[in-house]
1. Starting from region 101-125, take each residue that is touching a residue at least 60 places away in the same chain (Cβ under 8 Å) and list its partners that are acidic (Asp, Glu), counting only C-beta distances under 7 angstrom and pairs at least six apart or across chains.
2. What are the residues in region 13-23 that are closer than 13 Å to Glu85 by Cα and either surrounded by fewer than 18 Cβ atoms within 10 Å (Cβ to Cβ) or in contact with a helix residue (DSSP H, G or I) (Cβ under 7 Å, 6 or more places away or on another chain) (or both), if any?
3. Considering only residues that are in a helix (DSSP H, G or I) and in contact (Cβ under 8 Å) with a residue 12 or more places away in the chain, look in region 195-213 and name the one that is surrounded by the fewest Cβ atoms within 10 Å (Cβ to Cβ).
4. Do we have Ile95 as of a type in the set (Val, Ile, Thr), out of contact with any helix residue (DSSP H, G or I) (no Cβ under 7 Å at 6 or more places or on another chain), surrounded by 17 or more Cβ atoms within 10 Å (Cβ to Cβ) and more than 26 Å from Gln2 (Cβ to Cβ) here?
5. Looking at Ile34, Ile65, which is the one that is surrounded by 16 or more Cβ atoms within 10 Å (Cβ to Cβ), within 16 Å of the chain's Cα centre (by Cα) and modelled with pLDDT of 90 or more?
6. Out of curiosity, is Val192 buried (at least 18 other Cβ atoms within 10 Å of the Cβ) and in contact with a strand residue (DSSP E or B) (Cβ under 9 Å, 6 or more places away or on another chain)?
7. Condition first: in a helix (DSSP H, G or I), within 23 Å of Gly165 (Cβ to Cβ), hydrophobic (A, V, I, L, M, F, W, C) and touching a Gly at 6+ places or on another chain (Cβ under 9 Å). Now tell me which residues in region 214-258 satisfy that.
8. Tell me, which residue of region 142-187 that is over 21 Å from Thr207 (Cα atoms) and among the aromatic types (Phe, Trp, Tyr) is modelled with the highest pLDDT?
Amino acid sequence: MQAGRYQILEIIGSGAKSKVARGFDPLIARTVAIKLLSSELAKGDARDRFLQEARVVGQLSHPSIITLHDMGIEESTQTPYLVMEYLEGPALDQIISKGPIPFPKACAWLAEVAVALGIAHRKGIIHGDVKPANILTTTDGRTKLTDFGMARLASRDAIGSPLQGTPAYWCPEQIVGKPQDARSDFFSLGVVLYEMLTGRRPFDGQTLPAICERVLSTTPLPPSHADPSLPIALDEIVNKCLAKDPGARIGSAEELANLLYPLARRKPVSSAVSPAATSNSLRSRATRLLRSA
């Protein structure tokens, strides 16, 4: 099976609107990931949104964001496809399914995702679908944010648009139809962090109304309730990400990364280096990453 010049070797993931294949580019002899829109959706809004993803990802270049290599239209069906870098590591949801993640690793990974979101936000792009399945891990222990299929420009009002994505990661303003901005992504990221630390979602339920009600009106127990060994600082970070009022949330990707990076350090601080100096060094690292785009 082919998609343009690319050979499709196997399907490695599928969803309601698209599927992802492991493919091969014979021109430069490399393995790639190919995202194929369902042929039944090759026209109309679904096609436009699929092509919008290519335009969005094409603007973003950063080690923590999936790289788009190419896009094309399959001639026989006129179905568009995206060609992206192929990663060997599992998605974050597969890792969480095995249990909570040690907090230093969880903080390091989430800080990288925060930096990736910061790159998008600086270009006026809201991801809109932050969840573990859209965070990939690499063989060298890093993370990459992927699937910008629901991304939109922050300047474009989403009021009146149908709800999309995974309900357990929706933010309150998304549910009630209010304007969304970068802080909406941070709410979803707080849900992901909670799940990484505890192994369960903070707002889960058997039905869509039940999930929405919990997002809107309940405050989950702090992560340290599930694991008393977790630092209290993590409870505070999660609580700030999950604030119902966007104005009370983490305000920027840089702020979130600066809070997470110190907690990601495993080695004790040397007596020759003060904790304040170490914290300042970590803040500088986060700032440099955010400004590297």
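The values are calculated or read from the model by the stated rules, or taken from the named source; none is laboratory data. Since this is a predicted model, take the numbers as computed values, not measurements. No Cβ is skipped: glycine too gets one built from the backbone with ideal geometry, and neighbour counts run over all protein chains shown.
1. Pairs that qualify, where the first residue is touching a residue at least 60 places away in the same chain (Cβ under 8 Å) and the partner is acidic (Asp, Glu), are Leu117/Asp185; Gly118/Glu254.
2. Applying the first criterion (closer than 13 Å to Glu85 by Cα) to region 13-23 yields 20-23.
Selection gives Arg22 alone.
3. Keep residues of region 195-213 that are in a helix (DSSP H, G or I), which gives 195-198, 208-213.
Add one more test, that the residue is in contact (Cβ under 8 Å) with a residue 12 or more places away in the chain, and what stays is 195-198, 208, 211-212.
Numbers: Glu195: 24, Met196: 23, Leu197: 25, Thr198: 23, Leu208: 12, Ile211: 20, Cys212: 20.
Across region 195-213, the extreme among qualifying residues is Leu208.
4. Yes, satisfied.
5. Numbers: Ile34 fails: within 16 Å of the chain's Cα centre (by Cα).
Going through Ile34, Ile65 in turn, just one is surrounded by 16 or more Cβ atoms within 10 Å (Cβ to Cβ), within 16 Å of the chain's Cα centre (by Cα) and modelled with pLDDT of 90 or more: Ile65.
6. Working: buried (at least 18 other Cβ atoms within 10 Å of the Cβ): yes; in contact with a strand residue (DSSP E or B) (Cβ under 9 Å, 6 or more places away or on another chain): yes.
Spelling it out, Val192 is indeed buried (at least 18 other Cβ atoms within 10 Å of the Cβ) and in contact with a strand residue (DSSP E or B) (Cβ under 9 Å, 6 or more places away or on another chain).
7. Ile237, Val238, Cys241, Ala253, Leu256
8. So the residue we want is Phe186.
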